[in-house]
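Report on the following structure.
The values are calculated or read from the model by the stated rules, or taken from the named source; none is laboratory data. All figures in this text were calculated on a predicted structure; none of them were measured in a lab. Positions of Cβ are backbone-derived with ideal geometry, glycine not excepted, and every protein chain shown enters the neighbour counts. Just so you know, the surface numbers come from the protein's heavy atoms only, side chains and all, with ligands and any DNA or RNA stripped out. Shrake-Rupley method; radii C 1.70, N 1.55, O 1.52, S 1.80 Å.
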Amino acid sequence: MKTIKIKPYAIQWATEITDLFYQSVHGIDPLVYTVEQKQAWAPTPPDYEAWSKRLSVKRPFVAIVDGRIAGFIELDVDGHIDCTYAHPDFQGMGVASALYKHLLTEARARSIARLYVEASLIAKPFFERRGFSVVTTNTVQRNAVTLVNFTMELNMTTHYLDVSPEYSEEAPAFTDIERWTGYAILEFGASWCGHCQTAEPAIKDVLVAHPQLPHIKIADGRGKKLGRVFKVKLWPTLVLLKDGQEVSRLVRPTAITEVRDLLAGI
């Protein structure tokens, strides 16, 4: 897996970021946005001067992979996420997720109470999986072309921010788990698993009340040793640990009450 480094904006990246934005938009499937809509969204040729001025104000967080700019995200002082883009060459590698995780850390450090974004049809599922809800559906006119996006928001004061939508490929060693103290949850599954996606809202809603409870999401599958140690057969499987020992488990929850019952003894 490629290493993704998140860095603050530097002025020498202005042209490369402008090109990334243009290529990201024009790389969208024309069945989602037509050629005309993409042209209205990101005109040809790119306006490098305007983007340079814009970036100097916005100062985005930038993802670097193998010395190349792989994506960028912007956070305004009021919690507005103005842009989130990944280069077509790096999509599917977790670039947007890494950028968003960094943004969350910054938002908490700045005591921002609410995040909001105008998400495209492409970006809407990304933010939904991270707890954002749709406030309004917007119709935007650009050069006589109609575009649709969605105003979405996240309440930072009630949302359990540390529930990652991704399952980590790096699992802790069982010998390390045995030495843990206190309670923790291991969740075995896969990011593409439909049952995992169905269970995720219920798990998040309950964990809001347990902000100090470690929740480790582990990618399971063929050749994954930790899942075999815990005899995982179905996804998602939540294993509640106390001092490194399993005390209970829950398989494929669909309701908040099921997850709440799992944690009732904590």
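Pairing each residue of the stretch 218-239 that is among the small types (Gly, Ala, Ser) and at pLDDT below 95 with any residue that is assigned to a strand (DSSP E or B) and open to solvent by less than 20 Å² (accessible area, probe 1.4 Å), provided the two are 6+ apart or on different chains, yields C-beta distances under 9 Å for 219/188; 219/189. Looking at the stretch 169-183, which of its residues are over 12 Å from residue 216 (Cα atoms) and open to solvent by 50 Å² or more (accessible area, probe 1.4 Å)? Across the stretch 169-183, the qualifying residues are 174, 175, 176, 178, 179, 180, 181. Of everything in the stretch 29-48 that is touching a helix residue (DSSP H, G or I) at 6+ places or on another chain (Cβ under 6 Å) and not small (Gly, Ala, Ser), the residue that is farthest from residue 60 (Cα to Cα) is 38. Evaluating residue 109 against the criteria (1) within 28 Å of residue 17 (Cα to Cα); (2) in contact (Cβ under 8 Å) with a residue 40 or more places away in the chain leaves one unmet condition, (2). Considered as a group, the residues in the stretch 194-219 that are touching a helix residue (DSSP H, G or I) at 6+ places or on another chain (Cβ under 7 Å) and open to solvent by less than 40 Å² (accessible area, probe 1.4 Å) include one that is farthest from residue 177 (Cα to Cα), and that residue is 202.
Here residue 71 passes the criteria (1) open to solvent by 50 Å² or more (accessible area, probe 1.4 Å); (2) under 14 Å from residue 13 (Cβ atoms) except the one numbered (1).
Filtered by the rule that a residue be open to solvent by less than 20 Å² (accessible area, probe 1.4 Å) and under 23 Å from residue 131 (Cβ atoms), the stretch 221-247 gives 236, 237, 238, 240. Annotation note: of 92, 131, the sole residue that is assigned to a loop (DSSP other than H, G, I, E, B) and surrounded by 20 or more Cβ atoms within 10 Å (Cβ to Cβ) is 131. Residues in the stretch 242-255 that are hydrophobic (A, V, I, L, M, F, W, C) and modelled with pLDDT of 95 or more: 247, 250, 251. For the stretch 1-28, residues that are in contact with a Cys (Cβ under 9 Å, 6 or more places away or on another chain) and of a type in the set (A, V, I, L, M) total 0. Residue count for the stretch 134-163 satisfying the condition of being open to solvent by 50 Å² or more (accessible area, probe 1.4 Å), modelled with pLDDT under 90 and assigned to a loop (DSSP other than H, G, I, E, B): 4. Of all residues in the stretch 186-211, those that are part of a helix (DSSP H, G or I) have Cβ atoms under 7 Å from Cβ atoms of residues that are β-branched (Val, Ile, Thr) and crowded, with 20+ Cβ neighbours inside 10 Å, 6 or more apart or on another chain, in 202/259; 203/259; 206/259.
Inspect the stretch 2-9 for any residue being of a type outside the set (A, V, I, L, M) and crowded, with 18+ Cβ neighbours inside 10 Å and give the result as yes or no. The answer is no, given that none of the residues of the stretch 2-9 is of a type outside the set (A, V, I, L, M) and crowded, with 18+ Cβ neighbours inside 10 Å. Take the conditions (1) closer than 21 Å to residue 149 by Cα; (2) among the β-branched types (Val, Ile, Thr); (3) assigned to a helix (DSSP H, G or I); (4) open to solvent by 80 Å² or more (accessible area, probe 1.4 Å); residue 57 misses just one of them, which is (1).
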